[in-house]
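Below: one structure, written as structure tokens.
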Amino acid sequence: MNSIARSFTLFWIIYFPTCIAFNELEGFQYMDEAMTAVLILYTFYQKRNPDTNPEPWKEYFTFLGILAFYVAYSLYMKVNVFGAVRLEIVQQIRPFSVIYCTWILNPQFTERQKKWMLSTMIATLALWIYYHPEITQRGIEAEFPILGQLAICTGIAWYLFTEETQLNKLIALVIVLTGLFAPKFKFMGEVVCFIALLFFVKQQLNFKSPKTVVFVTLLMAVVIAVVWQRFDIYYMSGWNNAALARPMTYKTSLEILRDYFPFGSGMGTFATNGAWRYYSPLYHHYHLNTIWGLDKGGGFICDAFYPSLAQYGIVGVVLFCIFWKRRLIAFNEIVDMRYYRVAMMVFFCLVIEQTADSSWLSGKGMGYCMLLGLCLNANLNLNGNEDEDENEDENDELLKETNEYNEQLLSS
């Protein structure tokens, strides 16, 4: 277990600056792919290690089987070229594998290792702000999505890896609020969820309870109110504007689900990196190639995650929902409220972020996935700690009895 924790600590320390903050620098562009491959290989290498958690293996192999089916289906459909399918394989295997591998490896960090990881994250966040002085000059008009992702991921990790005190909660909040130097509107919604879960949620959310329904409804209302300007542009008044890239991407995804029922158009065909690098014929077919941002090389082709589910059809959408339903059920079984809050924070951040971002499929989303994997093992480690406490109590009792016996022997 110590070797796994050491290896994972090193993985975390290398990942955060190279795959999020400075991924666009020369030499770092493919670090997320390389590190994903290393994590997968290391997990399979540790398969027989008794300190790992064997429970997720069955589900992980099921996911790999589903992915293999869609690869074969995409090659059969030939909507786009093989290169697009290959890029899509790399993107799709990343987030799920990072969750499953972290869940399987079950790293149990020492306090020193946690400090090393947090120090790396804080230093990376500070360096990013230092090397981007324009954010303080442009203020609220500046928008840098990377800063928000750095800030909220670091704040969540601070809350998880430190003692749960009011001071540490406030420090975590201050770290998250550094993202407001250059906020994307979706990040502001994530901040609302972070604050609500950190300070107002005292027990697991029961989605069958009217009280929980009211809480979630109010939370959604506040989030929409905070991001209303962009929400209105893209999803309300702008929904019927055929010149806006993002609404048209969402609307066309519904057409693809209908036209390519039930398995979709295939990998690398719509709203993903593969569809952008190897310009998908679907953009011509649905007359999207004339819209600014969706033309060849356009910057809005892979700008939101949810439309990309159209590639996998109704079946893929259902499978994606089943995956998250299983995770939410597992979250609600977490006993430690700190791990529960972190799991729900990450979930809500991903739900909001992917409306106008595709970081779930990129290296930037790996940090969220690792945090989820750690949370899924919370009960397993809690039980282990309880067993250790019981053993310590038994040892103390035995030592006490031995001392009493020795005292009686000496007195006699």
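The values are calculated or read from the model by the stated rules, or taken from the named source; none is laboratory data. No experiment lies behind these values; they were computed from the predicted model shown. Don't worry about glycine lacking a Cβ; one is built from the backbone with ideal geometry, like all the others, and counts go over all protein chains shown. Keep in mind that these areas ignore ligands, DNA and RNA; they rest on the heavy atoms of the full protein, side chains included. Shrake-Rupley method; radii C 1.70, N 1.55, O 1.52, S 1.80 Å.
Table for the structure above
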{"read-out": "Hits in the stretch 9-46 (condition: assigned to a loop (DSSP other than H, G, I, E, B), without any contact (Cβ under 8 Å) to a residue 24 or more places away in the chain and either buried (at least 21 other Cβ atoms within 10 Å of the Cβ) or of a type outside the set (A, V, I, L, M, F, W, C) (or both))", "value": "Glu24, Glu26, Gly27, Gln29, Tyr30"}
{"read-out": "Residue match in the stretch 58-80 (condition: among the aliphatic types (A, V, I, L, M), touching a Cys at 6+ places or on another chain (Cβ under 6 Å) and crowded, with 19+ Cβ neighbours inside 10 Å)", "value": "no"}
{"read-out": "Total residues in the stretch 277-309, condition under 20 Å from Tyr73 (Cα atoms) and within 26 Å of the chain's Cα centre (by Cα)", "value": "3"}
{"read-out": "Condition broken by Glu164, with the remaining ones in (1) assigned to a helix (DSSP H, G or I); (2) touching a helix residue (DSSP H, G or I) at 6+ places or on another chain (Cβ under 6 Å) satisfied", "value": "(1)"}
{"read-out": "Residues being assigned to a loop (DSSP other than H, G, I, E, B), aliphatic (A, V, I, L, M) and open to solvent by less than 30 Å² (accessible area, probe 1.4 Å) - total across the stretch 237-272", "value": "2"}
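This table checks each residue for (1) part of a helix (DSSP H, G or I); (2) touching a residue at least 24 places away in the same chain (Cβ under 8 Å); (3) crowded, with 17+ Cβ neighbours inside 10 Å; (4) not polar (S, T, N, Q).
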{"site": "Ala84", "(1), (2), (3), (4)": "yes, yes, yes, yes"}
{"site": "Trp103", "(1), (2), (3), (4)": "yes, yes, yes, yes"}
{"site": "Ser119", "(1), (2), (3), (4)": "yes, no, no, no"}
{"site": "Thr124", "(1), (2), (3), (4)": "yes, yes, yes, no"}
{"site": "Leu150", "(1), (2), (3), (4)": "yes, yes, yes, yes"}
